[in-house]
Structure formats: C-alpha cells, structure tokens
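Q: Please read through the structure below; I'll follow up with questions.
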Amino acid sequence: MKKLFLVIAILYNAVYLYAQDKQGNTVNAEIYADAPYRMKIADDNGNLNPIPIHIFAHDADGTGANIELMSIDIYIKNATDTNYSYLVTFDNYDITQFKSLLIHKSPQNDDLSVQDFESSDYQPSSEHTIVFKETHDWLDGEDYVEIKRKFWYFTILLPPDKIAGFDSIIDIKVYFNIDWSVDDETNLRVFRYANDVPKLKDWYRGDTHYHTIFTQNIAETGEALEATGYFGRITGLDWQFTSDHSCDFDNYGIGMQENWNELGSQIEQLNTLDTNYVMIRGIEMSINNNGGYVVHALTYPSADDPFSMPYLGDGGGDSHETGVNTDMLLDSVMKYHGMVFAAHPFAEYDKLPDVINGSVWNIADPDFLENGSEAPSNGNIICNDLSLPSDVFSDEADKFFKDGLYGFQIWNLYNSLTTKDNDAFSDPYDATHSGDFSAVSELSLNDPYHHLYRLNQNFDVVKYLWKKALLEKNANPDLQNWKTYIIAGSDAHGSFNYSTTDMYYAFYGTIEDNAIGRLSTLVYLPDGKGEDGTNILKALKMGHAVLSDGPIIAYLIKSPFGTYTCGDDIFIDYNKLQDYTLELFTVTEPEYGSKQNITLVLGTENGEYSYPVTNPADTVEYNLYELLNSIFLGNIPLNEYFYLRFELETYKDYGDKAFIYKKQDENFYSFTNPVWMNITEMTTVNETNSNNKFKVYCGAGFVKIELPEGYKFVTMYDVAGKPVNAAVNVYNGQVQMQTSNLPKGMYFAKFVNDLSGDVSVEKVMVR
C-alpha cells in the first residue's frame, strides 16, 4: 500500500514539480543550488577560503507545488576526476559548530511570502550533508521540512577541513532528496585562483545590471539580496546595482511602492552590515520607445541621495502594456536628479522578445545606416527606423542627446558557452567525462548571441554617435548634452555560477555561462565609494568608467592644473601642452592570460583611427604633447574637439585544461570611455583684485578659470554690467565657458566664497 501511495504521489507531483537543472523558472516550484563561478582559493595569510553554496527554493506556494525536502547531499571532486566519491558530512561537528556554517537564512516575511529557515529543524548527519526534521510523515516514516512559501533559502559554507587536498578547480553536485516527488540535482564547477580579479588603485569594479529576488515573473527569477552581495564580493566585485524589472513589482508582495520601499530598506541595512561592498538600488524600467515598443532603461538615483528616487514604473511592460514612455521616464529622472543608461540598446539579439512587444532603442538618424543594412562589424542594423521619432536625440536646438540620458549599456549578458536546458542534461560541464559534449558547446564568434558579437553591434552605433556629436559640437560650441558614455553589466538573474536567465515561459531554452560580474564596469574613485555609493553614482554620471570582462585598461591625464580621466572634456593651452602627461595602466592576471593587443583610439569628425601601443608595461607614462604630435604627425588640430580612448585584449590558452574550461582558448577585453580634448592657444589675463588666487586663460571661443578652494562661479557680465549668456561647465576646480557666441572684448566673471562670503571679480577677454 505504501508503494502505491508513493507511485500516486510521484505521478501527481510530476505535474506540478518536475526536476530541473539549475535553470529557473519552471512551472510551479523548483529548488536549486548556486556557487561562485570563480573565487580566491586562499586568503592573504594562505588559509583556505570556505566555498559557499547557496540553496534556493522558489514558487512552492502554488497548489500542490509544496516541496517536502528531507535532506541535501553535497558531493565534491576534482574537476579532472570522473566520479564523485566524497560526500561532505558534518557528523563530527556539534550543533553549534554546524549552525555557524549556515548564513543568509531566509527570514519570515509574510508580505513577500518568504518562509523562515530557522524553523526547518536542520541537523548534521553521517549519511547526508544536512537533514531536516521539522515534520514527520506517518505514511512513509520520513522527516522533512515542508517548503510552501514563494521563497526559502540559505547558504552553507564548506569549511577548509572539508575541502583540503582538492585541486583548485572542483566540481560540486548538490542532490535534493524530496519526499513524495522526483528528486532534484544541481551540478556546478568552481574555478579557484591564487589571485583575485585584476585590481587597480582607485578603480572599483562593479556590476551595473543585476537582478535579485525582486525580479519575479513567469520566465525569470533572482536570488536573495544578502546572498547576492556576498557572492558578488567573493567573485571579485566592489559594488553592484540592483536592476530589477519595473514590470515585476506588481507580481509579488502587497504593492509596487511597498516592494520598492522594502528593497531600499534591505539594501540600506546590508550596506551598514558590510561597508566593504556597496549595493545601490536602481531599476530596469520597462518603457515604450517612440514606436510604441517595449525597451529597457537602467535607471539610477541621485548621487546626492541614493534612496531618494521613488518607484517610477507602473507594473506594465511584460504581459501587459506599460503607460510609461521614454520621454516620461527621462522627465522623471531629471526631476529626481538621477540618470538613465539605455539597457542592451541596439544589437539584434539584445532585442526584447516579440511576446512582450519588445524592440531596441531607435536612433532615427538619416545619416546612419537604415534598418536591414549590414552593420559595420557584423549582423544587420535594427535600431534606425526613419519613420519613427528618435529615442536618443533631443528636440531642443541647443542639446544633442535628451536630458537624463547619460549613455548606453553596450556590453550585456556574457555568453561564450551554451547548454541545452532539459532534463537529460543535468551536468552541463560533463563532470563525469562521459564524452557527451551535447550538454555544453562553445559559441562561435559569428553566433549573433555571442556576447562579443552583440557588443560589436552596439559599439557600431555608439562610435557613430560619438563621431556625430563631435561634428555638432565643433560646429556649435554652445551645444549641450553632447557627450555619452558606455557601461557593461551581466544582466544575470540570480546566478553566481551558470545562468538562470533564459527560461521563456516555462519552455525549455538554453543556459549560458553568465553570472554576476562576468561583465563589469570599473569606476574611478580617488575618494572611495562614498556612503551608499554616492561617489560611484557621481563617477558614472561623469563617464569615469571602464568596461571589462576581466583585465583592466585605464588612464589618467595629469598636469599642474588638474587630473583628468575618461569621460572628461578638457580645454588645454597649446603652450602648456608640454606640462601634461598621460599615464596608461594595463592589468591582467594569469586567469585572463597575457596582454596581446593594447590600442590607442583617436576619434575625430572623420571617424576613429587605431594605433598600437607597443609598450606592454603595467604603467606607461607619455608626454601628452609628444603623444599627440606622433598621432597627428606634427599637426595637432587647434580649436576643435577630438577624443582619445584605449582598448586592451588579453589571450588565454587553456592547454591541457581545455576539456575543463570547455574551450581551447579565449580572449578577454577592456575598453575605456573617451576623454575629449580641445587644444587652443591661450593668453593669461592678469588678475584684477584676487591677489593671484585665480588663474584666467582665454582662448579662441572659450575661457578657462582655475578656482581657489571654496569659490564658486556666480555669473559673467559685460563692461556695462549686463549679464551675458555663456555655456558654463564647472568641474575639477575649474570653470570652462564657451564664448564663441559673444562679441569679442572685455568681460567680467563674478565668484563667491561659500565659507567666507568674499566676492571676487575677474577680468575675462573674449577672443
């Protein structure tokens, strides 16, 4: 009779709960495990780091979808071994020692349907890694914890004494013993390295696009916030944004605004508990572009108050329409002093699916290639429908890009390996070395889903925008909003090891080797991250950012007049050019191979030109005058903007470990944002009444004034005392004024000291 009950239960529950690889999101409940795809093998003192494994149960709140979890078995082996023979058990630990290994335990939260983990009555065992005794089943005599809420999770740390003696690359099999249903299994591979990811002083690595537990829909899920921050840090990040879908905030909890507040409260608490790792509450907005199609926008808060931005969505954009469009979002962002970066904006396979009426951002530029044309790099153009208004260009004559649109996330979703997601392939890395490589395959660089293929398509458009902006700015020096910046982010959905992103509406899809931090952005923070990431937000707003999937290339331009980096625009006196140096930094680690190509890219009105950098040293210093003379062949352009940026490519040959990495070799990359320069011959104007506190330089079409500490610009007026209209840019202790629209002659600039109230008036000559 007991066997009959068992058969009936299995058949019944198979309808509601079927075994699934690490992939979420299935019909009704699933349970799976996660672990960092990469980590340091030991701490700075040479002690083995524990290996964290996150356990996550999801959607067990449906009718008949509860999970009766009896125990969990964790097996580990060297990746080179063919069989799992070592079951991790803790029967030699007392209950206090054992409980100290469990962190990120789900708390009771009735509003979000989170089930309390502590009540699971968990214990060590000689036969299993962990057993659960909360409930006793009188029919079959088994003990289990009944998971019947939407979320239930915890992280277990495999301590050094349990992993000593293993190779640096290990396989982990997590087996879930489930009563009255089909057991489940997750297989993971963890790459442990002697060194951390590449580091560079004052540059901090983060993920601009990552989804957490607050992303919940029929196709996708994320994992717990506390685990997300922990695994991000283990992986090598310093900060991250949460970018949960605006269209998901009405899929759970008690209300959209309440869910947004809860997300902010949890982030604020986590930032207090771990000041070394910063989380910032952002949102991936589902909005209508000007063609009425759904696109995504990474929306970030004010740098002055990271928690001030309200929930800007309406819950639409997935299975039903959104009432928020591009211009409405940008207006709201400007009101709250935030910023928008267009998410995965232009590439063919970054396009949102047709099932949600999805598309890409539309530039609508008659000077660019029309839709259907071959893209300069690969594939076809799909972002230039001339019959529709532009999503990026401003309608205002004195502005190039729309207010609030600061740039584009051109590098999205790391994908170099792909695995068919079905029950037959629960072992994507072929850990048992069966030779069946149908479970995982390497994507060709010509596959439009490969992350580099999509990056190149997005880059094609941004390079065009940079070129056109130079043309417009040089023709109209008063033009505003003419710079745009690029960023990278993983777009991973609750993944620390192998992607859980691409399960579309419970049909089998594919799983990619995407995870938190696989694609990252490094920002220049000489003053640190700031409370709750204020300096991170400021750096992104100024374009002080570098893109990377591992190695780093970055630069600083130094002079007696200030320090600059990517994202800045600089007026430089030709006569002072010898005083400027450019320091170029390139960093890699054995994990990412050796430096193969270092490239300086010059951007002009005519397009981009590439120059190989032949010195592979980690730090190279150039005199800026000599560098510009070499690339312009002694004819440095005056009184017009151009830009410089840098690219790094490294190469890794996996050799005899190719069967472990599932690829023979690999290239990794880093890209900087541009620095824009305008070289002119300036004259120095003698100070009038400031005791040489101010330094005023006048060039053709602009004026630069170096400010003493504490002073801020008030206004500029003519000799008759009438205020004049001049485009003013204040940063880095300088005021830069566009004056090409003013009659030549003498003017005066007024400044005030914030602390003392002292007023200074400086003479300015417009040439």
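The values are calculated or read from the model by the stated rules, or taken from the named source; none is laboratory data. Bear in mind that the values here come from a model prediction, so they are computed numbers and not experimental data. Methodologically, a virtual Cβ is constructed for each residue, glycine included, from the backbone with ideal geometry; neighbour enumeration extends over all protein chains shown.
Q: Name the residues in the stretch 122-145 that are hydroxyl-bearing (Ser, Thr, Tyr), assigned to a strand (DSSP E or B) and either closer than 17 Å to residue 74 by Cβ or not assigned by TED's automatic domain parsing to the domain that holds residue 50 (or both), would you?
A: 122
Q: For the stretch 627-638, indicate whether the set of residues that are within 23 Å of residue 201 (Cβ to Cβ) and either at pLDDT 95 or above or not assigned by TED's automatic domain parsing to the domain that holds residue 409 (or both) is non-empty.
A: Within the stretch 627-638 (the criterion being within 23 Å of residue 201 (Cβ to Cβ) and either at pLDDT 95 or above or not assigned by TED's automatic domain parsing to the domain that holds residue 409 (or both)), the answer is yes, since at least one residue qualifies.
Q: Of the residues that make up the stretch 297-312, is at least one in the same structural domain as residue 239 (by TED's automatic domain parsing), touching a His at 6+ places or on another chain (Cβ under 7 Å) and surrounded by 24 or more Cβ atoms within 10 Å (Cβ to Cβ)?
A: The answer is yes; a qualifying residue exists.
Q: Name the one entry in 715, 680 that is of a type in the set (Ser, Thr, Tyr), under 24 Å from residue 562 (Cα atoms) and exposed (fewer than 14 other Cβ atoms within 10 Å of the Cβ).
A: 715
Q: Please go through the stretch 101-110 and give me each residue that is surrounded by fewer than 16 Cβ atoms within 10 Å (Cβ to Cβ), over 29 Å from the mean Cα position of the chain (by Cα) and not polar (S, T, N, Q), ordered by number.
A: 110
Q: Take the stretch 597-613 and flag every residue that is under 25 Å from the mean Cα position of the chain (by Cα) and surrounded by fewer than 17 Cβ atoms within 10 Å (Cβ to Cβ).
A: Matches in the stretch 597-613: 597, 599.
Q: Looking at residue 119 and the list (1) in a loop (DSSP other than H, G, I, E, B); (2) in contact with a strand residue (DSSP E or B) (Cβ under 9 Å, 6 or more places away or on another chain), which single condition is not satisfied?
A: Exception for residue 119: condition (1).
Q: Okay, next question. I'm checking my understanding of the structure. Among residues of the stretch 355-389 that are touching a Leu at 6+ places or on another chain (Cβ under 9 Å) and of a type in the set (D, E, K, R), which one is surrounded by the most Cβ atoms within 10 Å (Cβ to Cβ)?
A: Looking at the filtered set, the residue picked out is 365.
Q: Let me ask something else about it. Is one or more of the residues making up the stretch 196-203 on the phi < 0 side of the Ramachandran plot, within 27 Å of the chain's Cα centre (by Cα) and outside any loop (DSSP other than H, G, I, E, B)?
A: Within the stretch 196-203 (the criterion being on the phi < 0 side of the Ramachandran plot, within 27 Å of the chain's Cα centre (by Cα) and outside any loop (DSSP other than H, G, I, E, B)), the answer is yes, since at least one residue qualifies.
Q: While we're on this one: Going by the structure shown, is residue 347 closer than 30 Å to residue 534 by Cα and under 23 Å from the mean Cα position of the chain (by Cα)?
A: no
Q: Do you know which of the residues in the stretch 320-366 that are assigned to a strand (DSSP E or B) and not polar (S, T, N, Q) is farthest from residue 472 (Cα to Cα)?
A: Here the residue is 358.
Q: Another question, then. In a loop (DSSP other than H, G, I, E, B), surrounded by 16 or more Cβ atoms within 10 Å (Cβ to Cβ) and of a type outside the set (Gly, Ala, Ser): which single residue out of 98, 90, 154 fits that description?
A: From the options 98, 90, 154, the qualifying one is 90.
Q: Among the numbered criteria (1) under 30 Å from residue 215 (Cα atoms); (2) under 33 Å from the mean Cα position of the chain (by Cα); (3) of a type in the set (S, T, N, Q); (4) surrounded by fewer than 16 Cβ atoms within 10 Å (Cβ to Cβ), which single criterion is violated by residue 168?
A: Among (1) under 30 Å from residue 215 (Cα atoms); (2) under 33 Å from the mean Cα position of the chain (by Cα); (3) of a type in the set (S, T, N, Q); (4) surrounded by fewer than 16 Cβ atoms within 10 Å (Cβ to Cβ), residue 168 violates only (1).
Q: Quick one: is residue 730 assigned to a strand (DSSP E or B), under 39 Å from the mean Cα position of the chain (by Cα) and loosely packed, with under 14 Cβ neighbours inside 10 Å?
A: Taking the combined requirement at face value, the residue satisfies it.
Q: In the same structural domain as residue 338 (by TED's automatic domain parsing), over 13 Å from the mean Cα position of the chain (by Cα) and at pLDDT 95 or above - does that describe any residue in the stretch 501-514?
A: The answer is no, given that none of the residues of the stretch 501-514 is in the same structural domain as residue 338 (by TED's automatic domain parsing), over 13 Å from the mean Cα position of the chain (by Cα) and at pLDDT 95 or above.
Q: Which of the residues belonging to the stretch 614-666 are of a type in the set (Ser, Thr, Tyr), under 30 Å from the mean Cα position of the chain (by Cα) and either crowded, with 17+ Cβ neighbours inside 10 Å or assigned to a strand (DSSP E or B) (or both)?
A: 619, 641, 643, 650, 651, 661 - these are the residues of the stretch 614-666 that are of a type in the set (Ser, Thr, Tyr), under 30 Å from the mean Cα position of the chain (by Cα) and either crowded, with 17+ Cβ neighbours inside 10 Å or assigned to a strand (DSSP E or B) (or both).
Q: Restricting to the stretch 375-428, give me the number of residues that are closer than 28 Å to residue 446 by Cβ, modelled with pLDDT of 95 or more and assigned to a strand (DSSP E or B).
A: 7
Q: Any idea how many residues of the stretch 272-285 are of a type outside the set (A, V, I, L, M, F, W, C), in contact (Cβ under 8 Å) with a residue 12 or more places away in the chain and more than 13 Å from residue 340 (Cβ to Cβ)?
A: Summing the residues that are of a type outside the set (A, V, I, L, M, F, W, C), in contact (Cβ under 8 Å) with a residue 12 or more places away in the chain and more than 13 Å from residue 340 (Cβ to Cβ) in the stretch 272-285 gives 4.
Q: Within the stretch 228-268, count every residue that is polar (S, T, N, Q), part of a helix (DSSP H, G or I) and within 18 Å of residue 114 (Cα to Cα).
A: 5
Q: Residue 185 - would you say it is charged (D, E, K, R), surrounded by fewer than 21 Cβ atoms within 10 Å (Cβ to Cβ) and in a loop (DSSP other than H, G, I, E, B)?
A: For residue 185, the condition - charged (D, E, K, R), surrounded by fewer than 21 Cβ atoms within 10 Å (Cβ to Cβ) and in a loop (DSSP other than H, G, I, E, B) - is not met.
Q: Among the residues of the stretch 706-741, what is the count of those that are more than 22 Å from residue 480 (Cβ to Cβ) and of a type outside the set (Lys, Arg)?
A: Residues that pass the stated criteria total 9.
Q: Here is a list: 200, 158, 188. Which entry is under 26 Å from residue 493 (Cβ atoms) and modelled with pLDDT of 95 or more?
A: 158
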